[in-house]
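S.K.: Sharing a structure with you now.
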Amino acid sequence: MTSRNSLPALVAGLCSLAALVLFAAPPRKPPRGPHQEPLLPRQEVLRLAGRGYIEVIADYFWIQLVQATGAARKAEEYRDLYPYAELITDLDPRFGITYSFAAGALPTNLGRENWVNTQESTRLLRKGLKLFPNDLKMNLLLAYNLSAFHKQYREAAEVLERASSLPNAPSYLPALATRLYAQAGSVNAGLALARSLAESAEDEETRETFKQRVRDLEMEGELRRVDAAIADFRQAFGVAPPDLDTLSWLGFLQEPPRDPQGGGFFIGYDERAYSETQRRRLEIFTPDNRGYLWSTVVEK
C-alpha cells in the first residue's frame, strides 16, 4: 500500500518516465535520406522532467547505447553512438564506462585504412579524461587515436609518458613514448625521457634497454639531420643526391653524421638516410607493423 508521503514521489517518477518515453521516441517524419540519426531529447529538458531521476534516465540511454552498438553495421550507424554517449555523459558525467566503451566502438574502417568517426571518439575521450585523468584505458585509447588517426605524435607521446606512471601500466609504455617522440621529430624530448628512465631503472636489464633507446634516438637525430640535407639538395637540383659524399662536397652537410655504433650511412631507395648498423628507422608505422605495435597496447 502506498503511503501519502510516497505518493508525490511515485507520481513524479511516473511523470518522468512518461516524459522520457515521449522525448526518446523515434521521429515520426520520414527520413530525408537513407539514414537518419536518432532523435534524442536535450539534456536540459530531461533534467527538468526527470528531476531526482537523472541517474535512472542515464541508465536508460546507456541501454539504448549498448543496443545501438550491437545493431550497428555501417559507419553512419556507428556514428549514431556519439549522440547517445554525449547525452549520457552530460546527464551523468561520472558514468565512466560510457567514455571508453563508445570511444572504442566509434572508429570505423571504410577500407584501405580510411577511418571515420575518429574525431567523435577523440572528443569523448578528452571529455572523460577531464574527470578521470588516471583512467589507464582512456589514456591508452587517446594515445592510439592521436597517433593512428590524427598523426599528432608528440601529444600521443606525452599522453603515454603520463600514463606510464599509472598503476598497472604496461612496462613497455615508456619505450613506446620515446618512439612516438622520435616519430614527431621531437628527438630531444625522447632522449630526455630515455636518459631519465635509464638513470632511474631499478634493474640492469631495464637500464640497458633504455640505454639502447638513448643510442637509437641519438642515431635518429643524426639521420634526421641528413634527411634535412637531402631535402635541401632536392629543392636546389630537383633530384635526390646520389650519396652522402655529394652532400658534404657541395656543402649541404656541414658535418658528417656520426653513428654511435661506429657504422656508416647511406641513402635508401626511398631517398632517406639509413645506418649500416641499423637498417630500420625509429618510427611507429611500417607496412608490416602498423597493426601489431598498437594491438598490444589497446584491447578494443
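S.K.: How much length, in nm to one decimal, is gained on full extension between residue 76 and residue 239, taken as 0.36 nm per residue of separation minus their Cα-Cα distance? All intermediate terms of the calculation are to be shown ahead of the outcome.
M.R.: Numbers: separation 163, 0.36 × 163 = 58.68 nm, distance 4.44 nm.
Contour length minus the Cα-Cα distance gives 54.2 nm.
S.K.: Which distance in nm do the two modelled labels at residue 196 and residue 266 give, with both placed 7 Å along the Cα-to-Cβ direction?
M.R.: Each label point lies 7 Å from its Cα, and together they span 3.9 nm.
S.K.: How many percent of the alpha carbon pairs in segment 144-203 exceed a separation of 14 Å?
M.R.: Here the long-distance tail beyond 14 Å is 53 percent of all Cα pairs in segment 144-203.
S.K.: Could you list which residues have their amide H under 5 Å from that of residue 115, counting only those 5 or more apart in sequence or on another chain, with H placed in the peptide plane?
M.R.: 110
S.K.: Binned at 5 Å from 0, what are the whole-percent values of the Cα-Cα distance distribution for segment 110-164, short to long?
M.R.: All Cα pairs considered, the percentages come to 4, 21, 30, 25, 12, 6, 2, 0.
No value in this document is a laboratory result; all are computed from the given coordinates. Keep in mind it's a predicted model, so treat the numbers as computed, not measured. A quick note on method: Cβ atoms are made from the backbone with ideal geometry, for glycine too, and the neighbour counts reach across all protein chains shown.
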